[in-house]
Amino acid sequence: MPIKYVIEIFQGLRPQAVTAASAESLVKASGLTSASVRINGGAQAERDILLWLLASCAPQPLQNQTNHQILPLAEGENPPLGQVILHYENSVGTATLVGRGLPAGPPPQSQDVSQLKNQLAGEYGLAGISGNWMLDHLTKLHYALSLVPRDDRPALRGVQVERLGLLRAGVGGHNKAKFSQEAGPWTVARGTLQVADAAFDQDRLGFYGGATSQAWPPSVQAILHEVGHAVECANRRHESWENATWVVGGDPAAVRQNQVDDAVELQIDAEELGRRGSGLPSARVADYNYLAETYEQIGTWIEAGNGGNHEPEATYVTLKSQVAKKLSDGLWDVYRQAIERWCDGEIRAARWRQKYRTPQGYITPRLAAFSRYVGDNGVGKNLTPYAMTADGELFAEAYSFWLVDHDAVAGHNPLLSGYFDAGRHRQS
């Protein structure tokens, strides 16, 4: 079954003149045949408020529903807030107070925005944290990252975290956060995790977890959803970065994409080659002709590759072997070495494409394995409405709820929570 609770906006909900009698009267008017309150300690007035909230928020007409809401625990202009689970089933209602105040995790070491950015970037190996972050929002980023298992944290290395106002809504209206990377065999950037204003819209309305685990702000789940995407494609991103740093050489931290783009080009000067070919003794003419033909053939491969049609790995392995045999004369060393290095690069690129490129787009082995597991075991994709839009979104939704509300994922299907429990999500 899907995750069975929702967060709603209850407009203008403010307890006034609440007594035990008025709360009981409202319960009857709501249609509930039974109503109870679960709370550790608390004054009678707080119990009355919870009963009043249970009746006031009851769905009309009555239907089975569970809400995880941030609600007032007293009357007045600025009442104390609480984390309240409202459960309705067969006209029986239960209000459970799982925490007072807003959900919070372990406090960060620093309360200074600049220092906290540096702390998080250093602790998780991020490329940086940019944008206009308020301390409250940066603290929630801290909560989210603190929940990422240690074995998954390498997926965060080199990721740039950005704060922005608006994010264009994607499939399913998703506009809270986004993880992205330009997939390619030579990509330097390790990925960007963008967090928009909308990620924090529900933090004063409701929470995730709380029933059998700690409650977390909804923004934590939104951020961890994107971390799930980063985990799913971690190997692909890392191999792209390794390829890029290999082709340039030197300090990996100093590598820039324009350097890589230049380095992967075949470094042969056609005009200089033509000058060397004039006036050659007959014994070397065959070598020159072979080199010129090879250079022309490589040009056709490059042009086809620019259109998306790349040669397989075997093409470059064969070419490298042939060049080594046929251009043994020292006169051609600079050309032979350039072609051999270009072949080495294209072999890396071909292996990358073989692993990640499919007719449906770039599908990582982790996602492919997850999709097979879900299909083979009849795991429903309806964990959440957004999870149903794509297998990649099911992976990210399951990953994030596995961290903020494990029992909700297990309640959907224990095979799904077990997949992450066993660490299969990080295996390729």
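The values are calculated or read from the model by the stated rules, or taken from the named source; none is laboratory data. These numbers come from a predicted model, not from an experiment. A quick note on method: Cβ atoms are made from the backbone with ideal geometry, for glycine too, and the neighbour counts reach across all protein chains shown. SASA here: full protein model, heavy atoms, side chains in, ligands and nucleic acids out. Shrake-Rupley method; radii C 1.70, N 1.55, O 1.52, S 1.80 Å.
What to note about this one:
- Cβ-defined net charge surrounding residue 72, 13 Å radius [Lys, Arg +1; Asp, Glu -1]: -1
- Dmax and Rg, reported as Rg then Dmax, of the stretch 1-62 (C-alpha, Å): 12.6, 40
- Cut-off under 5 Å, modelled amide H: who pairs with residue 208 long-range: 216
- Summing Lys and Arg as +1 and Asp and Glu as -1 over all other residues whose Cβ lies under 9 Å from the Cβ of residue 125 gives a net charge of +1.
- Rounded to the nearest 10 degrees, the angle from helix 391-404 to the longest Cα principal axis of the chain is 50 degrees.
- Within the chain, percent of DSSP bridges classed antiparallel, to nearest 5: 65
- Principal axis extents of the Cα atoms in the stretch 148-217, from largest to smallest and rounded to whole angstrom, are 45, 32, 20.
- Adding -39500 (n - 2.57) for every DSSP H run of four residues or longer, then dividing by how many residues the chain holds, sets the calculated 222 nm ellipticity at -14500 deg cm²/dmol.
- Look at the alpha carbon pairs under 8 Å that are at least 6 residues apart: their mean separation over the length of the chain gives a relative contact order of 14 percent.
- The phi torsions of the stretch 49-63, fed into the Karplus equation with coefficients 6.51, -1.76 and 1.60 and a -60° offset, translate into couplings of 4, 4, 5, 4, 5, 4, 6, 5, 9, 4, x, 10, x, 4, 8 Hz, rounded to whole numbers, with Gly and Pro shown as x.
- Burial ranking of peptide ranges 259-265, 6-12, 67-73 (average Cβ count within 10 Å, highest at the top): 67-73, 259-265, 6-12
- Helix 313-326 and the longest principal axis of the C-alpha atoms of the chain enclose an angle of approximately 20°.
- Per residue value of the accessible surface for the chain (all protein chains in place, 1.4 Å probe), Å²: 48
- Other residues lying with their Cβ under 9 Å from the Cβ of residue 425 contribute a combined charge of +1, Lys and Arg counting +1, Asp and Glu -1.
- Sorting 313-325, 33-45 by their mean Cβ neighbour count within 10 Å, with the most densely packed peptide first, gives 313-325, 33-45.
- Normalised convex hull volume, the stretch 43-176, alpha-carbon set, Å³ per residue: 191
- Most mobile listed residue (127, 304, 211) in the chain, GNM with C-alpha springs under 10 Å: 304
- In this structure the amide hydrogen of residue 126, modeled in the peptide plane, comes within under 5 Å of the amide hydrogens of 158, none closer than 5 places in sequence on its chain.
- The coefficient of translational diffusion for the chain, derived via Stokes-Einstein from the alpha carbon Kirkwood radius under 37 °C and 0.692 mPa s, stands at 129 µm²/s.
- Cα long-axis angle, helix 333-356 against the chain (0 to 90 degrees, to the nearest 10): 30
- Kirkwood-based Rg to Rh ratio, the stretch 126-275, C-alpha trace: 1.12
- Listed residues 13, 54, 167, most fluctuating in the chain (Gaussian network, C-alpha, under 10 Å): 13
- Label-to-label distance, nm, for residues given as residue 109 and residue 334 (7 Å Cα→Cβ offset): 5.3
- When the solvent-accessible area of the stretch 174-304 is split by element, carbon and sulfur atoms take up 47 percent of it, the probe being 1.4 Å.
- Backbone geometry of the stretch 130-136 corresponds, through the Karplus equation with coefficients 6.51, -1.76 and 1.60 at θ = phi - 60°, to 3J(HN,Hα) couplings of 10, x, 8, 9, 7, 4, 4 Hz, x marking Gly and Pro.
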